[in-house]
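FYI, it's all coordinate maths here, none of it is from the lab. This is a predicted model, so every value here is computed, not measured. For neighbour counting, all protein chains shown are included, and Cβ atoms are generated from backbone atoms with ideal geometry for every residue, glycine included.
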Amino acid sequence: MADISIDSIAERYDVAVIGSGAAGLGAAIFAALEGARVLLIERTEYIGGTSALSGGTVWAPGTETGRAANPDDSREKVSAFLDSAVGNFGNRDMREAFLDAAPEAIATLQARTQVQFRPYPRHPDYEWDHPNATLNGRAIEPVPFDTRAMGAARNMIRPPIPEFTVLGGMNIDRVDIGHLLNRYKSPASFLHVARIVTRYMRDRALHGRHTRVVMGGALVARLLASALDLGVDILRSTEVTALTETGGEVTGLRLRAGARTAPYPWTAASSSPPAGSGAPPAAVPPICPTPCPPKAPRPPAIPARCTIWPSASARPMGRGTTRAPSGRPAPPAAAPMAAQRSSRISCSTVRSPAPSASTSRAAAS
């Protein structure tokens, strides 16, 4: 449907999704694809959450998009990689379910919505030092998106952080960065840079912001455009304060600022059946075996030692001190104030080695 207000929400929805990051938007889209009436609720004024501020990369092994970059990858290699990288800190059945569902989910999004991905020639697995890790093919990224077709809805997308932009707001991705670095060496790169900069300047003049979005912004924009196409109602600047229950069954939501309660029934796809139906609750596998294996203790850090050096060619002012309680390095007492202002500080933090088992037992006794 559209971006709505609290006073215009419907009385009943099949599915209510709380949060508008990539996970929330994805859940709303798949529910709508199955014919459900969906309400998406976002606490802030912008859609996208931290997903809009991210690189937008999706780790989804086995997709057709990924196989185009790495045809030699296989389900067995991915499973062995996860066994090594995750170990006992995750249920293996859940990992296998993810590997089963991810390719189908990506294929559905690309076939039935505006969400489109592409592989990147060099995007290794995050835990690259495990057996069967790869350099590409498992991580895919969203294709840049032109938000002009969204009309005013593009203003719902959370703006990128300044560190991901240049020239005061021009969105760039890894492809653009390569051309920017090579703009004076390659005619093709020069033309690419000229094209995107011209587009950015025109967008700033006509729309107040860059309408070409990339990375996390492209992922959220494509998901949002798809959700709107599928008739998802979107409620922003609204906080869910409570769930309402009837007879032990969740039947609605209580929204912030005295808003109406919007009841909705559980559907057949719900994780738990309605109360009193006689059906057993859905079994949820544990995250890891009971008990979970303990994590190795983090070695304690000793206070950082800082060396304060004056700028330019002046002589060293002296070896530094430990950090002051405020977190700033305490300057030497004899240093003149003018010299302190022009100084640069070099700090290092040394971690003590992890205690051995025998040391731990001795300390405990």
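Some notes on this structure:
- Paramagnetic reach from ARG174 (point 7 Å along Cα→Cβ, amide N under 13 Å) across the stretch 82-120: 118-120
- Whether the stretch 108-194 is rounded, prolate or oblate, judged on the alpha carbon gyration tensor where a/c under 1.5 counts as rounded: oblate
- For ILE157, the amide hydrogen comes within under 5 Å of the amide hydrogens of ILE47, counting only partners 5 or more places away or on other chains and with H modelled in the peptide plane.
- What the Cβ-Cβ distance of ASN155 and PHE190 gives, at R0 = 41 Å and to the nearest 0.05, is a FRET efficiency of 0.80.
- Close amide H contacts of VAL17 (hydrogens built in the peptide plane, cut-off under 5 Å, sequence separation of 5 or more or a different chain): LEU39, LEU40, ILE41.
- Cα gyration tensor, the stretch 136-248 - rounded (a/c under 1.5), prolate or oblate: prolate
- Remark: spin-label model distance GLU239-ALA205 equals 4.3 nm, labels positioned 7 Å along the Cα→Cβ axis.
- Projected-area average for the stretch 164-208 over all orientations - Cα convex hull basis, square nanometres: 3.0
- When GLU163, GLU249 are arranged by Cβ crowding within 10 Å, least crowded first, meaning fewest neighbours, the order is GLU163, GLU249.
- Shown is the FRET efficiency for THR246 and ALA10, computed with R0 = 25 Å from the Cβ-Cβ distance and rounded to the nearest 0.05: 0.85.
- Interchain or long-range residues, amide H under 5 Å from THR244's placed H: THR251, GLY252, LEU253, ARG254
- In nm, spacing of pseudo-spin labels at LEU167 and VAL143 (7 Å Cα→C-beta vector): 2.4
- The length gained on full extension between SER84 and ALA2, counted as 0.36 nm times the residue separation minus their Cα-Cα distance, comes to 25.0 nm.
- Residue order for PHE81, PHE190, fewest other beta carbons within 10 angstrom first, comes to PHE190, PHE81.
- Here the extension length gained between ARG95 and ARG122 equals 7.3 nm, from 0.36 nm per residue of separation less the Cα-Cα distance.
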